[in-house]
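Below: the structure, in structure tokens.
The values are calculated or read from the model by the stated rules, or taken from the named source; none is laboratory data. Given the structure is predicted, the values throughout are model-derived calculations rather than measurements. Methodologically, a virtual Cβ is constructed for each residue, glycine included, from the backbone with ideal geometry; neighbour enumeration extends over all protein chains shown. Protein only, heavy atoms only, side chains kept; ligands, DNA and RNA dropped before computing areas. Shrake-Rupley method; radii C 1.70, N 1.55, O 1.52, S 1.80 Å.
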Amino acid sequence: MEATPYRLNDGKFRLIGIPLISCVVPAIQHFDDFRQLNTTFGMYLLISVCTTLMLWEGNRLIITQARRAFPSYSQTTQRLLTEAAAGLLFTLVATFLLDQILCKGILHKEELLIGFRRSLVPTILVYLIYEAIYFFEAWKENVRKTESLARESVQSQLEVLKNQLDPHFLFNSLNTLAALIDDENIDAQQYLERLSDVYRYVLVSRHKNTVPLEEEIAFLDAYVYLNKIRFRDNLQVDKQLSPTAYRQYVTPLSLQMLIENAIKHNVVSKENPLKISIQQEGDQYLVVENTIQEKTILRSDGRDESTRVGLQNIINRYSLLTDRQVEIIRTGGLFTVKIPLLLS
């Protein structure tokens with residue numbers, strides 16, 4: 001199982017770091033006692049061990065919770081500010097209590113915030129090491145995902161535009177054709193306009209990782225219109241979405257792929273109209289559901305052509321953008337795909 005981003009794999013670091021800081025800090029601050037290895041240094045060492053252990057484990061918990069709240073590479077600033085504020089407050093309170101219990105109780109010394117002043121630099125150093133490692137790993141993961149997403153985007157383009165003319169050429173040709181159609185032929189004009197909208201969207205969005213759902217739905221309306229010219233009322237697409245959902249994001253062409261799959265793999269007829277619904281599930285998922293009335297498409301070699309390449313492409317792209325998985329459910333005569341709604 002893949003490690004959760006906020007879990008710290010720091011066993012060796014703690015095993016070495018806690019004893020090292022526990023010994024080095026009092027040795028530097030009380031060098032004369034350290035050279036003599038007297039009883040006083042032993043008490044300083046005991047206090048340092050207790051302080052280091054408490055501060056390390058407490059601040060480690062803060063780091064874990066901050067990573068849980070702000071796990072992504074893009075949230076680095078929020079995570080650092082949270083860690084800085086919480087870590088400073090915890091260190092101040094913890095060292096004050098330790099001063100009262102240990103320094104005052106063992107060494108009979110009472111100096112304002114002595115523990116805080118002595119612990120601040122080592123604590124900041126440990127934080128920097130943790131964050132430097134995390135930032136570097138997050139950066140590498142972000143680069144990997146960006147490269148993988150670019151590859152998936154290219155595959156998506158090939159799937160959508162496969163066996164078609166160059167989209168730029170076709171789009172320009174459609175505009176020319178529109179000028180040649182008689183103005184009184186309104187149906188043909190509308191069909192060409194919607195077809196142009198489809199290819200315009202493909203050209204604009206094909207290099208993007210995400211697009212607003214509002215734009216994807218506008219594109220989908222044009223795509224459904226083109227198919228309804230062919231299938232009439234035998235194709236029924238119902239949308240139930242809130243204004244909030246329209247402001248969220250999806251991967252481009254993902255809804256089109258799902259509608260295309262539904263049409264491709266199911267019978268669409270007057271006796272068996274294909275019903276497709278698009279609705280939201282809270283603020284987390286977009287649900288695309290269609291009735292199952294399967295048709296088998298065989299290739300020339302007799303094999304089933306239903307390879308589900310489009311679905312796998314959607315799954316792969318979302319896996320690079322969010323930890324929430326695409327869900328595919330087939331039950332009760334319905335085929336349902338749930339895709340995550342994204343913030344950006």
### Query
If amide H atoms are built 1.01 Å from N in the plane of the peptide, which residues on other chains or at least 5 residues away come under 5 Å of the amide H of V268?
none
### Query
In square angstrom, what is the accessible area per residue of segment 1-103 with a 1.4 angstrom probe?
60 Å²
### Summary
Sequence order, segment 273-280: Karplus ³J(HN,Hα) from phi using 6.51 cos²θ - 1.76 cosθ + 1.60, θ = phi - 60°, Hz rounded, Gly and Pro as x, gives x, 8, 9, 10, 10, 10, 9, 9
#### Entry: Of K140/K239; K140/K264; K145/K338; K12/K208, pairs whose Cα-Cα distance is over 32 Å
K140/K239; K140/K264; K12/K208
### Task
Once you have the Cα-Cα distance between L334 and A150, take 0.36 nm times their residue separation minus that, and quote the gain in nm to one decimal.
63.0 nm
### Message
What is the distance in Å between the Cα centroid of segment 183-208 and that of segment 59-77?
### Response
45 Å
#### Entry: From phi via Karplus (6.51, -1.76, 1.60), per-residue ³J(HN,Hα) for segment 208-224 in Hz, x at Gly/Pro
9, 7, 9, 9, x, 4, 4, 5, 5, 5, 4, 5, 5, 4, 5, 5, 5
### Message
Heavy atoms only, 1.4 Å probe, whole protein assembly: order R230, R60, R68, R118 by accessible area, highest first.
### Response
R230, R68, R118, R60
### Task
Place the peptides 12-18, 330-336 in order of packing, highest mean first, counting for every residue the other Cβ atoms within 10 Å and averaging per peptide.
12-18, 330-336
